[in-house]
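Down below is the structure, laid out as structure tokens.
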Amino acid sequence: LGMGFLPLVVLGVVDLLGKERRAKGVGWLIVGLCGTAMTHVLSSYLAHLVVGVLGAGTLLGWLGLKFRRGWREGEGLWQTGLPRLALGVGWSAGLMAMVWLPLLQGLSEVQVGLQVARQDYRDYLLFAPAADGTAYRMAWAGFNDVASLVVLGQTALVGILWLGLRRQGQPVEWLANRGALLALVGLGIAIPWLGWIWEVVPGLPYLQFPWRWQPVTALVGALLLVATWRDRRRLGGWRGRLVFPLGGILVLGLGTLTAMLVGLWPGSDRAEAEKSSRLEWLEGKRRVDPLSFEEGLRLQDAGAARFLGYTANQVYFRPRGAEMTLHGVVEAPGGLEIVTGEGAVEVLSQRLESRAFRLVNRTAVKARLLTYADAHWRAELDGVPLPIATETPSGLMLMDVPAGSHRLTIAYRPPRGPWWISLIAGAVGLLVIGQKVLEGRKRRARLV
């Protein structure tokens, strides 16, 4: 779904940087970038990388032209469309501020880096060997071998099409050149001896797998296939004779590899039985006891189906320093228990984002909510705010409740970002759109 917004991003960049340089590209760019930001964080990162690569290619082309012709000749930087491109990226950032800034703050408070450590990009470069001999790593290495063939095949497809289109004139040549650049980036981040790129580009290690870029290359290949078909009569010589047979072979081959990756081939009876068993673990139909994180990793490495019973756990999003015990699927969210003191707990309501309890305490008690702490939980005792502490090392929530009968409510309040930034960005956008509409009406009136 996130990558589904990528064509809008590419359309916006082409409108802004292509030959016609239409201002409406800002709108397509904003819709595409905001769409990816609202659906999938890694797709959003990829979309911004696409914009950066295409913008950098245009900037380098403009600088080369200036060096060849002299700085006083040719178009200025504004005419390249790059300032409008930067405006569109900044505009979308302003619209998404109320979503992105709380997310970034939340990521800084949890141990999300554990996930990146488990899936190291070095293990997924082109035809990288398995990190060890465990079933888990061997399975990933086999998957990576097929993905590596896809990377090479899609890059070759774009290269073949580029050879046929590179001298066809604008805008086809522009599309072919920029498409080839995007495909080369996807190939470059997958080549083992270019692994240093992952350490240089900010945030790139969080992609984990080089082949996450391949939807970009696939989109470029599809666009170039359409452009090649439209210009097939102008393709002469050896290029015209090679493009279609080689392109057809690669498309069929890539379709086969894609089917292998997504598992479209029917399995044997044994494979179907194994799938059914794994589904039972995944759906919580089999009992699983608490397990240490290290033992869970060993189960995962061994390829044990029992590990699936623990995949509801998101240890990466627990507070920093919290315990790492894996638990099975539960019927209800965590309840309240008395840690110290004498008291009784009655459950009034127990929903995911809010809990209510009646406490009857003979003495002051310390109560523990069996839910991991987060800065956005709020507790109230008889309608009065009650401080929440984080227990060490469990990472669960603790509250001090005095003697007597009390009503304790605990609710999760979603983080609120700087809505005023997004409001200003939206208001400016409406003003600009309104101005464009009025200019269009005046222009039509003058023509009439």
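The values are calculated or read from the model by the stated rules, or taken from the named source; none is laboratory data. All values reported here derive from a predicted model rather than from experimental measurement. Every residue, glycine as well, gets a Cβ built from its backbone with ideal geometry; the counts of neighbours run over all protein chains shown. All accessible areas refer to the heavy atoms of the entire protein, side chains included, with ligands and DNA or RNA removed. Shrake-Rupley method; radii C 1.70, N 1.55, O 1.52, S 1.80 Å.
Values computed for the structure shown
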| quantity | calculated |
| --- | --- |
| Nearest-0.05 FRET efficiency for Arg232 and Glu439, computed from C-beta distance (R0 51 Å) | 0.80 |
| Charge dipole (segment 180-319, unit charges on Cβ, about Cα centre) - positive-most of Ser277, Val243, Gly221 | Val243 |
| From phi via Karplus (6.51, -1.76, 1.60), per-residue ³J(HN,Hα) for segment 132-144 in Hz, x at Gly/Pro | 7, x, 6, 4, 4, 5, 5, 5, 5, 5, x, 4, 5 |
| Relative contact order, percent, the chain [alpha-carbon distance under 8 Å, six or more residues apart] | 13 percent |
| Of (1) 70, 57, 46; (2) 75, 53, 41; (3) 91, 64, 40, the label for Cα extents along the principal axes in Å derived from the coordinates | (3) |
| Ordering of 391-404, 345-358 by burial proxy (mean other Cβ atoms within 10 Å per residue, highest first) | 391-404, 345-358 |
| Gaussian network model of the chain, Cα within-10 Å springs - most flexible of Gln115, Gln79, Gln435 | Gln435 |
| Dipole of the chain, positive direction: furthest Cα of Ala37, Trp78, Val185, with charges on the beta-carbon | Trp78 |
| Per-peptide average of other Cβ atoms within 10 Å, ordering 369-378, 180-189 highest first | 180-189, 369-378 |
| Charged-residue dipole, Cβ positions (Lys, Arg, Asp, Glu), segment 326-448 about Cα centre, Debye nearest 20 | 1360 debye |
| Charged-residue dipole, Cβ positions (Lys, Arg, Asp, Glu), segment 1-113 about Cα centre, Debye nearest 20 | 520 debye |
| Apportionment of accessible area to carbon and sulfur, the chain, percent (1.4 Å) | 63 percent |
| Furthest towards positive pole of dipole, Leu254, Pro415, Trp140, structure part the chain, Cβ charges | Leu254 |
| Debye, to nearest 20: dipole size of the chain, +1 on Lys, Arg Cβ, -1 on Asp, Glu Cβ | 2820 debye |
| Those lysines that a straight Cα-Cα span of less than 23 Å connects to Lys442, excepting residues fewer than 8 apart in one chain | Lys24 |
| Rounded to whole Hz, the Karplus (6.51, -1.76, 1.60) HN-Hα couplings of segment 295-304, x for glycine and proline | 5, x, 5, 5, 4, 5, 4, 7, x, 6 |
| Nearest-0.05 FRET efficiency for His376 and Ala344, computed from C-beta distance (R0 22 Å) | 0.15 |
| Nitroxide proxy distance, nm - points 7 Å out along Cα→Cβ at Lys19 and Arg118 | 5.1 nm |
